[in-house]
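I have placed the structure first, in the form of structure tokens, so that the comments after it can refer back to it.
The values are calculated or read from the model by the stated rules, or taken from the named source; none is laboratory data. Since the structure is predicted, the reported quantities are computational estimates derived from the model, not experimental observations. All Cβ positions, even for glycine, are placed from backbone atoms using ideal geometry, and neighbour counts span all protein chains on display. Protein only, heavy atoms only, side chains kept; ligands, DNA and RNA dropped before computing areas. Shrake-Rupley method; radii C 1.70, N 1.55, O 1.52, S 1.80 Å.
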Amino acid sequence: MAITGEWVRYGEGSGYYAKPGKAAGPLPGVVVIQEIMGVNEHIEDVTRRIAGAGYAALAPDLFAVNGARPAPLTRERVAEAFGYAATLPPGTMFNPATREPALAKLDDERRGRITETFGAVFSFATPAGVQSVMPPLLRAFRYLHDERPETRGQKIGCVGFCMGGGLSALLACEEPELSGAAVFYGMTPPAEKAARIACPVIAFYGGLDQRVNAGIPGFQEAMRAAGRSYEHHVYDGATHAFFNDDTPAYHPLAARDSYARLLAFFSKTLSG
């Protein structure tokens, strides 16, 4: 089955959209939420994979405004910054004590570019940055639910990875018509927000990802108190980003099992 994929514009929003072949609908929809590296080749690939399972999938570009990214966040600049980070010991760029000595070894021009890009990227991890991307996420949901002819009026779910995993849970907090949310190693929402979730949630975590996993018990209790379904799986030996097959963190066993469970979850929550 051929999968068609293209970049689309919808008002102020833009994103990568994929659907199965020439299917005109009706199709359930899935909002695919980027990692902190943005909508790159890996996220485009994941979007096509989900489309190949029988869904219309949209990965909104959270770095873009009116279809354009600011210079520090272009795909090329982000790839350069994270490509450099991949040559360093894990965690170097996240710790100022190790980051600054590493950057000091670069020439002034390259150091300036990488520093600027990381500053722009990590701004999205701040409370203000998180709030800034909620309107684009809600806009992407509405585009599928209300505007696309293939998905108009159909059930819509979401899945996110890394930063996008946390945003997937937050989208469930903010959009009462969402039918299901899937979280891959994302930070859990505050209990007061989790109480607003109206749909089932499934989540997947790496057993070695202690920083993220620390939030699981509180989220589990908040979902239990709200009477909502929260199914989660923790994979021993896997770390953060275990689903990303473009990184050394890729864990085939965890990726295979989680993807099978993801598709089963969407089949249950988005069908009918």
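Things to note:
- Heavy atoms of the protein chains alone define the surface here; on that basis the chain has 44 Å² accessible area per residue at 1.4 Å probe size.
- Listed residues Met37, Met134 arranged by accessible area, highest first, probe 1.4 Å: Met37, Met134
- Rounded D (µm²/s) - segment 115-272, Kirkwood Rh over Cα pairs, Stokes-Einstein at 25 °C, 0.890 mPa s: 152 µm²/s
- Given their separation in residues at 0.36 nm each and the Cα-Cα distance between them, Phe94 and Asp45 gain 15.0 nm when the chain is fully extended.
- Estimated distance in nm for a label pair at Glu147 and Leu208, the labels positioned 7 Å out from Cα along Cα-to-Cβ: 4.2 nm
- At least 24 Å along the helix axis (C-alpha) and Kyte average at least -1.0, DSSP helices within the chain: 252-270
- Given R0 = 51 Å, the distance between the Cβ atoms of Glu231 and Asp108 translates into a calculated FRET efficiency of 0.50.
- Loop-resident sites, segment 92-177, for trypsin sites (Lys or Arg not before Pro), counting at most 12 other Cβ within 10 Å (DSSP): Lys105
- Mean separation of Cα contacts under 8 Å (6+ apart) over length of segment 123-237, as relative contact order %: 19 percent
- Simple spin-label estimate for Glu12 and Arg139 in nanometres, 7 Å along Cα-Cβ: 0.5 nm
- Ordering Asn95, Ala225, Leu138 by Cα displacement along the dipole of the chain toward the positive end leaves Ala225 in first place; charges were set at the Cβ atoms of Lys, Arg (+1) and Asp, Glu (-1).
- Residues of type aspartates and glutamates that Lys22 reaches as a straight line, Cα spacing below 12 Å, ignoring anything fewer than 8 places off in the same chain: Glu150
- Stretch gain in nm, segment Thr87-Arg224, where the contour uses 0.36 nm per residue and the Cα spacing is subtracted: 45.1 nm
- Computed per residue of the chain from DSSP H runs no shorter than four, each worth -39500 (n - 2.57), the mean residue ellipticity at 222 nm is -12500 deg cm²/dmol.
- Proportion of all alpha-carbon pairs of the chain beyond 34 Å (%): 16 percent
- Reach of Lys193 by Cα under 19 Å, taken over aspartates and glutamates that are not fewer than 8 positions away in the same chain: Glu174, Glu175, Glu177, Glu221, Glu231
- Carbon and sulfur %, accessible surface of segment 46-129 computed with the full protein complex present, 1.4 Å: 61 percent
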